[in-house]
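Report on one structure; see the data block that follows.
The values are calculated or read from the model by the stated rules, or taken from the named source; none is laboratory data. Everything numeric here is computed off the predicted structure, so don't read it as measured data. Here the Cβ positions follow ideal geometry from the backbone for every residue, glycine too, while neighbour counts run over all protein chains shown. Surface areas here come from the heavy atoms of the whole protein model, side chains and all, with no ligands, DNA or RNA. Shrake-Rupley method; radii C 1.70, N 1.55, O 1.52, S 1.80 Å.
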Amino acid sequence: MIGRFCTLMRRVRAAFLLLTAAGLGLPGGAAAWAAVEVTVEPDPLVVGETGQYQVTSDSGTPEIAALPAVPGLQWLGGPQTSSSVQIINLQVTRQATATWLFTVEKAGRYVIPAIPVTVGGKAEQLPERVVQVVTDPDAAAAGPPAGADEAGADATAGAPFFLRLFPGVPVGPDAAVYVGQELPLEIRLYARSGAVRNISYPELAVEGAVLREDPALNPKNPKFLPPREQGVTVEGHPYQMVTFRCFLTPIAAGTLKGQVAANAQVVVADRRQPRRRGPSPFDDGFFNDFFNQGRVVPRQATAALPALTVKPLPPSPAGSQPLNAVGRFTVKLAATPAAARVGEPVTVTLTLEGQGGLDGLKPPVLTPANFRVYDPEVKKERRGNTAAATVTWVLVPLDTAATLPPLAFNSFDPGTGRYAVHSFTPKLTVAPAAAGTTAAGRGLVADTAPTPTATLAGQPAARPAAAGAAEDILYIKDAPGPQVCRPLWRNHLAASTALAGAGLAAWGALTLLARRRERLLGDRGGRRRAEAARQERRLFRELREAAPETRAALIRDQLVPYLAAMLGLPPGASMNDVANRVEAQAPELAAVLRQAEAGAYRPGGGAITDIAPALAAIRRLLLAVLLPALALTGLTAAATPGPAAPTAAPSWAAAGAAYGRGDLDSAKRLYQALAPAAGAESAARFYNLGNCACRQGRLGEALADYEHARRLAPRDSDILENLNFVRRKLGLPPQGGTETPRDLLARLRDTLRPDEWALLAAGLVAAAGLAAGLRRWRSLSPWPAWGWAAPVLLACLLAGWSQLEERYQAGAEAVVIADGLTPRRLPSAAAEPAPLRWHEGDTLALMETRDGWRRLRGPDGEAWLPQDAVRPVW
């Protein structure tokens, strides 16, 4: 019975295998039919999702020659193919699927027409399919949102993410703004609660306007004020509203156009999963997202700026100076103190505060008669939505007739479309100078330090001891100080060479000694010699102190083994062998050895009364045999010494006295005549020349002198302080700041000159060489010492090299020392003017000098200037 059952099962199994093979071998299987199905998923589609156009067939892989063009629909590629085989009740079904991906631009109704397809070598026609695209994923089951038409128009009502713009100025056909007017703009982003993630800062693309940036108000994005967030309800839907505020400033007349865009991620439910009729107590957001029941798609919301007409500013009214301030400002003017003496400083302060833009603020020109006027200092700040600026002048009255005239300034008020004129009549009374004060220089009675902000640091000047002498605003240095050689490689050459040579020599010497020691320790004869050498002093002392009759035994038992070891004779060598070995070089020693050998056989005949000649012969023998003469050579670094710093000559005192009297022309001439020997320069001399030029009002020359002095003495704080003072007066940013990591690296690099970096590198080589030699002597690897020193050594060399390529490159940079110049396209006064604006104090790249002209390159182009209007920095 069991046998029949097994036979039956084998037959059933064979039949099943035959049917399966037949089904797989036939096209489409035994029960196949030529059906082609087309599906579009998901349906409806949400804007931002990727749709799938799937064609399924059981007679082969579908092939489409060309996809149709559908307006607003973009095919992303394909096909992606897959196949499957099913066996149900011995029926074999094989299906092949081809998928094409697509995306759409906006919500609406899209029709994919009938498409020819080839399946299994036969041509068929796919049916037409309609794709419904919506904006709100929650409205997928309800069809298109309200406001959507055939063209795909999308209303913001009910959308998961949209934005709205609220300009801070009236808009409309008759509304207008002005060039330079600061326009507030409020951008509100609305995100459906719980459906939007990762909202980005808005991006503005505006033509003819610039966006104000203030990192102090919002370090994350300086173009916007810190955003505000609050919950709101829009047409019955809950939203989180994020508000961004920014400020636009038109820079050209015309029509202001632009667009605002913001990006976010919208959470979209996967409608390819079966929907439940109601919520389940087992719902969990994390697991729903993990199992593809919620997807995140990118979404961008855009809005266009309302069209605004930008008008140019009208002409400035006569009788007042323009401030180039557009807005509604409160302007104040004050002169302190109201009563001053001749030669005492007076501070005039102009203050602006209000709503508007002050980026183009222009300091007015203040040139009252009988005053010496210093260039103004401008400070700007912003407190929230309030802009403020302060312009400060320092004036020194020259006589009692000095008085401040009535002053008038104007700013443009865009609210009224007219200029606001601000008039002032400062009150100032000038009394005679104090007793003992006399006029000096070019009519200057006294140059006193006006305010702490205008005082420069330095050393006290050499002044005459007369009572009542005036204090100087710019103090000078009364000694030349250390001299710096040009070219810079002449400085510290001897010290750098000696340090580097000493370090390498120490490394080499210790390495050789360590190798010699290792070689001796590895040689049996070397070990014998080393052990004998350690016993040499004791042995010689015992031979000198022993009695004549006992010396023969010492020679036989101790001196002969010592000599055998030192001369390389085999162990156990006799006195006769040693005597024969030294007979030619030291006959006295050989005679002593033979006498000691004879005394061993003749009692009383081996007394040796004088051992000193034998010991001296041993030393000569060892020097001749074991220590051959070494040719020792020394390396002498022939460095060119820099010129010695001269002592304070009387001419320095004379120049300081002229400076103290206010005779700046004489002081400048004397300092120029104090140039030291050829190839050497003094930072103190250029510093004093810069002080003279600054007091004479030649700020460009002062800037060039201070820059030269700073390169000679980069760590002198007085030079840096005076340099920044002049740069502020010229409206240039100060130097030496560390606002960014790059500024910090540049400041650290410029604390030393290139020759000082070379000296530091030489000292590092000396230290590393000594450390490597000591490690080698201690039987350690020397390379860790060089490995630690190599990065620092490379940094020193790179710092010096980069300085030579930038700050210390001769003739590479130049300072414009005059104002009101017209750059020319060619080196001629009759050449065409170049469309460039260069001012006094601008630092430009010096390209060449020809026929009394210099070709310069700035950030905006190249042009020519007269040679005497430009001063090379180095």
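Give me a count of the residues in the stretch 250-267 that are β-branched (Val, Ile, Thr) and at pLDDT 90 or above.
1
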Is at least one residue of the stretch 33-56 open to solvent by 70 Å² or more (accessible area, probe 1.4 Å) and either outside any loop (DSSP other than H, G, I, E, B) or at pLDDT 85 or above (or both)?
yes
Among residues belonging to the stretch 849-867 that are touching a residue at least 40 places away in the same chain (Cβ under 8 Å) and out of contact with any helix residue (DSSP H, G or I) (no Cβ under 8 Å at 6 or more places or on another chain), point out the one that is surrounded by the fewest Cβ atoms within 10 Å (Cβ to Cβ).
Pro866
If Phe725 meets every condition in (1) under 30 Å from Lys379 (Cα atoms); (2) open to solvent by 20 Å² or more (accessible area, probe 1.4 Å); (3) aromatic (Phe, Trp, Tyr) apart from one, which number is that one?
(2)
Leu670 vs. criteria closer than 26 Å to Pro487 by Cα, in contact with a strand residue (DSSP E or B) (Cβ under 6 Å, 6 or more places away or on another chain), not aromatic (Phe, Trp, Tyr) and not in a loop (DSSP other than H, G, I, E, B)
no
Kindly provide the set of residues from the stretch 705-724 that are in contact with a helix residue (DSSP H, G or I) (Cβ under 8 Å, 6 or more places away or on another chain) and small (Gly, Ala, Ser), ordered by number.
Ala709, Ala713
Would you tally the residues in the stretch 59-112 being touching a Lys or Arg at 6+ places or on another chain (Cβ under 6 Å) and within 22 Å of Glu128 (Cβ to Cβ)?
1
Taking the condition at pLDDT below 80, small (Gly, Ala, Ser) and in a loop (DSSP other than H, G, I, E, B), does Ala617 pass?
no
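Just to be sure, is Val242 farther than 29 Å from Gly180 by Cα and either assigned to a strand (DSSP E or B) or modelled with pLDDT of 85 or more (or both)?
So Val242 does not fit the description; no.
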Taking the residues in the stretch 794-834 that are among the basic types (Lys, Arg) and buried (at least 19 other Cβ atoms within 10 Å of the Cβ) as candidates, determine which candidate is farthest from Trp757 (Cα to Cα).
Arg824
Can you report the number of residues in the stretch 208-258 which are touching a Phe, Trp or Tyr at 6+ places or on another chain (Cβ under 6 Å) and among the hydroxyl-bearing types (Ser, Thr, Tyr)?
1
Checked the stretch 416-433 for anything in contact with a strand residue (DSSP E or B) (Cβ under 6 Å, 6 or more places away or on another chain) and outside any strand (DSSP E or B); matches are Pro426, Leu428, Ala433
Would you say Asp399 is of a type in the set (Asp, Glu), open to solvent by less than 60 Å² (accessible area, probe 1.4 Å) and in contact with a strand residue (DSSP E or B) (Cβ under 7 Å, 6 or more places away or on another chain)?
no
Considering only residues that are surrounded by 16 or more Cβ atoms within 10 Å (Cβ to Cβ) and not hydrophobic (A, V, I, L, M, F, W, C), which ones fall in the stretch 540-557?
Arg551, Arg556
If a residue must be over 31 Å from the mean Cα position of the chain (by Cα), of a type in the set (A, V, I, L, M, F, W, C) and at pLDDT 85 or above, how many such residues does the stretch 768-800 contain?
5
Matching residues in the stretch 651-690 (surrounded by fewer than 22 Cβ atoms within 10 Å (Cβ to Cβ) and basic (Lys, Arg)) number 2
Is there a residue in the stretch 835-848 that is open to solvent by less than 70 Å² (accessible area, probe 1.4 Å), more than 18 Å from Glu707 (Cα to Cα), outside any loop (DSSP other than H, G, I, E, B) and modelled with pLDDT under 90?
yes
Selection within the stretch 165-207 - of a type outside the set (Phe, Trp, Tyr), under 31 Å from the mean Cα position of the chain (by Cα) and part of a loop (DSSP other than H, G, I, E, B):
Asn198, Ile199, Ser200, Pro202
Are there any pairs, at least 6 apart or on different chains, whose C-beta atoms fall under 6 Å, with the first in the stretch 707-727 and farther than 14 Å from Gly481 by Cα and the second open to solvent by 20 Å² or more (accessible area, probe 1.4 Å) and of a type in the set (Gly, Ala, Ser), and if so, which?
Leu720/Gly736; Glu721/Ala457
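Counting only residues that are among the β-branched types (Val, Ile, Thr) and within 22 Å of Pro160 (Cα to Cα), which one in the stretch 94-138 is most open to solvent (accessible area, probe 1.4 Å)?
Thr103
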Looking at the stretch 221-239, which of the residues that are more than 23 Å from Asn385 (Cα to Cα) and assigned to a strand (DSSP E or B) is least open to solvent (accessible area, probe 1.4 Å)?
Tyr239
How do the strands (runs of 3 or more DSSP E) wholly within the stretch 288-395 filter down when requiring 1 or more residues that are open to solvent by 20 Å² or more (accessible area, probe 1.4 Å), modelled with pLDDT under 85 and on the phi < 0 side of the Ramachandran plot: which remain?
294-304, 371-373, 377-383
Identify, from the list Arg747, Arg753, the residue that is within 25 Å of His492 (Cβ to Cβ), basic (Lys, Arg) and modelled with pLDDT of 85 or more.
Arg753
